[in-house]
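The values are calculated or read from the model by the stated rules, or taken from the named source; none is laboratory data. Computed from a predicted model, the values in this text were never measured in an experiment. Cβ placement follows ideal geometry from the backbone for every residue including glycine, while neighbour counts extend to all protein chains displayed.
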Amino acid sequence: MTAIEGPSAPKTIYERFSFLRPIEARGQMPNHVAIIMDGNRTWAKKTLGETAKPIDGHQKGMENIIEILRDLRQIKTIKYVTLWAFSTENWNRTPEEVADLMRLFEKGIPAMLPDIQTANGRFVHLGRKDRVPQAVRDAIEAAEAETAQNTGQVVCLGIDYGAEDQELRAMEKLLAIELPKGTEIAPELLKRLNDTHLADGTNIPPIDLVFRTSGQQRLSGLPNADYAELCTIAACLPDATIGDFVNGLVNYSGRERRFGGNCATK
């Protein structure tokens with residue numbers, strides 16, 4: 001299949017939103033963006049009726065986020081995008097919904113790969129691998145292996161991912177290390193354990209900007225977001241547009257980030 005050329009070719013994100021280039025040139029884009037993908041179940045009921053199943057919304061949300069990523073990937077200064085797909089607390093949903101979501105991940109991860117590969121991007125899983133079905137684990141590990149040598153934008157998919165669980169597992173790992181009684185643990189060791197555990201061996205920097213769809217204004221225990229800026233998108237994930245995310249990027253570019261100090265940082 002040949003690439004579309006001429007007037008019918010899809011416009012780049014910079015052609016549609018020309019004001020992004022000056023913002024990028026001034027260094028006012030986030031390095032790491034996270035998306036809390038919310039509102040799929042609400043969308044399904046409102047759009048498809050009360051008899052709609054949650055997976056109908058999750059499927060539509062997955063399709064839409066793949067489109068959103070195609071645009072965000074064009075902004076080269078955004079080096080990392082984290083998609084929070086399934087938290088450690090989401091196991092409390094009905095067995096049917098959990099099973100449907102796992103099947104969606106099994107199919108959805110390979111569906112994401114062609115775009116990631118075309119852009120020389122890398123796929124990284126955040127969270128636990130030991131509690132997901134083997135088929136999902138296989139899909140995750142295959143995607144990580146296939147893109148391990150790529151140097152473009154890193155797409156982090158959070159499945160069975162949550163701050164409290166990450167912290168508890170980090171402490172378990174620390175306690176398993178045999179040290180002489182009374183030995184002071186160097187801060188460098190603690191930081192290395194934390195960084196390694198949060199990203200399963202991959203050095204993922206802190207999140208700069210968190211998008212949350214469906215109008216919710218909370219982080220819900222998203223790891224690695226201690227000083228992140230928050231942007232709420234009113235639309236549920238299936239209805240969110242790249243324009244919603246661009247508006248958030250513009251808003252972010254005008255904020256002063258102080259990180260608890262006095263010096264503002266863009």
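A few points about this structure:
- Set A170, A199, A234, A264: member being small (G, A, S) and modelled with pLDDT of 95 or more: A234
- Of all the numbered requirements in (1) without any contact (Cβ under 8 Å) to a residue 12 or more places away in the chain; (2) closer than 30 Å to L249 by Cα; (3) among the charged types (D, E, K, R), E89 misses one, and that requirement is (1).
- Of all the numbered requirements in (1) at pLDDT 95 or above; (2) in contact with a helix residue (DSSP H, G or I) (Cβ under 7 Å, 6 or more places away or on another chain), N92 misses one, and that requirement is (2).
- Any pair with Cβ under 9 angstrom, 6 or more apart, that starts in the range 47-75 at a residue that is under 19 Å from G121 (Cβ atoms) and ends at one that is polar (S, T, N, Q) and surrounded by 14 or more Cβ atoms within 10 Å (Cβ to Cβ): M62/N40; N64/T241; I68/T241; L69/Q153; L72/Q153; R73/Q153; I75/Q153
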